[in-house]
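A.B. asks: The structure under discussion is supplied below as structure tokens; questions concerning it will follow.
The values are calculated or read from the model by the stated rules, or taken from the named source; none is laboratory data. Please read these numbers as outputs of a predicted model, since none were measured by experiment. Glycine also receives a Cβ, built like all others from the backbone with ideal geometry; neighbour counts cover every protein chain displayed.
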Amino acid sequence: MDFQYTPEQDAFRHEVRSWLEANLPPDLCVDDPTDERVAPDRPTFERRVAWQKQMHAAGWVGISWPVEYGGRGVTLMEQVIYDEECFRARAPVLPGYSGINMAGPTLVEWGTDEQKRRYLPRILSGDDIWCQGFSEPGAGSDLAGLATRAVDAGDHFVVNGQKVWTSGAQFADWIYLLVRTDPAAPRHRGISYLLVDMKTPGITVRPLVLMNGHQHFNEVFFVDVAVPKANLVGPVNQGWKVAMTTLMYERKGGGGRGHDAQIARLGALARQITANGGTAWDSPIVRQRYAQLVIDATVLKYTRLRNLTRQLRGELPGPEGSILKLFGSELGVRISDFTGELLGPRILVNQATPEVPDGPRWYNRVVSGRQYTIAGGTSEIQRNIIAERVLGLPKD
Ligand SMILES: Cc1cc2nc3c(=O)[nH]c(=O)nc-3n(C[C@H](O)[C@H](O)[C@H](O)COP(=O)(O)OP(=O)(O)OC[C@H]3O[C@@H](n4cnc5c(N)ncnc54)[C@H](O)[C@@H]3O)c2cc1C
């Protein structure tokens, strides 16, 4: 693995960093961007949309998309540098992330020319915000068990059913939706992939509020919703293949980010917090727990770099991605657990205090620490993939 950046890559990093320093409004910055992927309220959402539009006008949205679809066609390394710099600047996750990272790349691969022309520019510009309608009350890990039904009605489908855990549906203009079009076919072969305007009559969005009061996701109900056939992506009953493209793009970013920064900040906090007549850092147990987190984060970093090297050599991302997703998300939980032990009852105070000036950050970390062990495929599902497809163990 080559640890050196080329002069061009250094110059690119400098360009991104300088632009963010000059343009990112400080009041939009968030402590741990990926812990708050959906804006906590509408005013914040609208300010983030304005930010996406500003970034887009300067050519900084969807930079890895092909040039013909409005991207810059940058290399994988440049995309990695861009992500690192956005994270370093504490820039919020863009409100259009589901379209930019998942729906858009899926349409580039599967969409008709008309679909690409109509949807792709508005995804980048922030004019259309998208959400993902895959999970249902009876279909999460076992996604192929989905029951939302779409019936052929000539020039359109009629959709009835329910989705759940739909992140950001309360703000979304469009949803990419998996529906069952042939109930008689084997499960994976009777599914289709539709693009649905959230303003279509018959759609109801009901919020699911998280422990920290944020409304991250929703239930979405469909009652006799008419969807034009022109909104079908890929062939009818072949939606499973289209969905796998979307999930491949989703899992690329799995496992959460920013572990190093969180751990470093916890080290500083441990030296500040009083305990047993000294500081928490005086305790060898605290220092040992801390050292283990540093080791884990270092292991994760080099595993990620090894994976990156493979991709730079032109090898396809394989099931090894599950190792990063599993280890990264479980490390996030270990960081949350350590935070809770370090701060004790102080963790419950969801505001800044003299001793813990970034209190809300740690409260949010503890209550949202588990999300990445579930979203995009649970830890148990990742272990199944690693066991069967990486280690080659038998299924039973
Ligand atoms: C923060 C967050 C955001 C999300 N956003 C979206 C979104 O925008 N759109 C969307 O469609 N979905 C979204 N989801 C839903 C997510 O995809 C599902 O929660 C996930 O796939 C798990 O499905 P489930 O909740 O139905 O749990 P289940 O599948 O019912 O699993 C329950 C438990 O059983 C275990 N289990 C299930 N099957 C197996 C097996 N074969 N072997 C071993 N253990 C098993 C699981 O690991 C889990 O512990 C989001 C979830 C989270 C947490």
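A.B. asks: So which residues in the range 376-396 are touching a residue at least 24 places away in the same chain (Cβ under 8 Å) and within 13 Å of the ligand (Cβ to nearest atom), if there are any at all?
C.D. replies: Selection gives Gly376, Gly377, Thr378, Ser379, Glu380, Ile381, Gln382, Arg383, Ile385, Ile386.
A.B. asks: Say we look at the range 113-139 and pick out the residues that are part of a loop (DSSP other than H, G, I, E, B) and either touching a residue at least 40 places away in the same chain (Cβ under 8 Å) or under 11 Å from Trp174 (Cβ atoms) (or both); which of these is farthest from the ligand (Cβ to nearest atom)?
C.D. replies: Step by step, filter the range 113-139, then rank; the result is Asp127.
A.B. asks: Looking at (1) more than 16 Å from the ligand (Cβ to nearest atom); (2) out of contact with any strand residue (DSSP E or B) (no Cβ under 6 Å at 6 or more places or on another chain), which one does Arg149 not meet, given that it meets all the others?
C.D. replies: Only one criterion in (1) more than 16 Å from the ligand (Cβ to nearest atom); (2) out of contact with any strand residue (DSSP E or B) (no Cβ under 6 Å at 6 or more places or on another chain) is unmet by Arg149, namely (2).
A.B. asks: Can you work out which of the residues in the range 102-112 that are more than 12 Å from the ligand (Cβ to nearest atom) and under 16 Å from the mean Cα position of the chain (by Cα) is farthest from Thr34 (Cα to Cα)?
C.D. replies: If we take residues in the range 102-112 being more than 12 Å from the ligand (Cβ to nearest atom) and under 16 Å from the mean Cα position of the chain (by Cα), then Thr106 is farthest from Thr34 (Cα to Cα).
A.B. asks: Condition test on Asp224, is it under 30 Å from Thr112 (Cβ atoms) and outside any loop (DSSP other than H, G, I, E, B)?
C.D. replies: Yes, satisfied.
A.B. asks: So, one more: State whether one or more residues within the range 295-304 are closer than 30 Å to Leu143 by Cβ, crowded, with 18+ Cβ neighbours inside 10 Å and modelled with pLDDT under 90.
C.D. replies: no
A.B. asks: Right, Leu107: buried (at least 20 other Cβ atoms within 10 Å of the Cβ), modelled with pLDDT of 95 or more and in a loop (DSSP other than H, G, I, E, B) or not?
C.D. replies: When the stated conditions are applied, Leu107 does not pass them.
A.B. asks: Can I ask one more? For the range 157-190, what are the residues that are farther than 15 Å from Trp130 by Cβ and among the aromatic types (Phe, Trp, Tyr)?
C.D. replies: Going residue by residue through the range 157-190, those that are farther than 15 Å from Trp130 by Cβ are 157-162, 164-165, 179-190.
Result: Phe157, Trp165.
A.B. asks: Which residues, counting only those in the range 189-198, are assigned to a loop (DSSP other than H, G, I, E, B) and more than 24 Å from the chain's Cα centre (by Cα)? If you could, list the steps in order and put the result at the bottom.
C.D. replies: In the first step, residues of the range 189-198 are kept if they are assigned to a loop (DSSP other than H, G, I, E, B); the result is 190, 198.
Gly190 - this is the single residue of the range 189-198 that is assigned to a loop (DSSP other than H, G, I, E, B) and more than 24 Å from the chain's Cα centre (by Cα).
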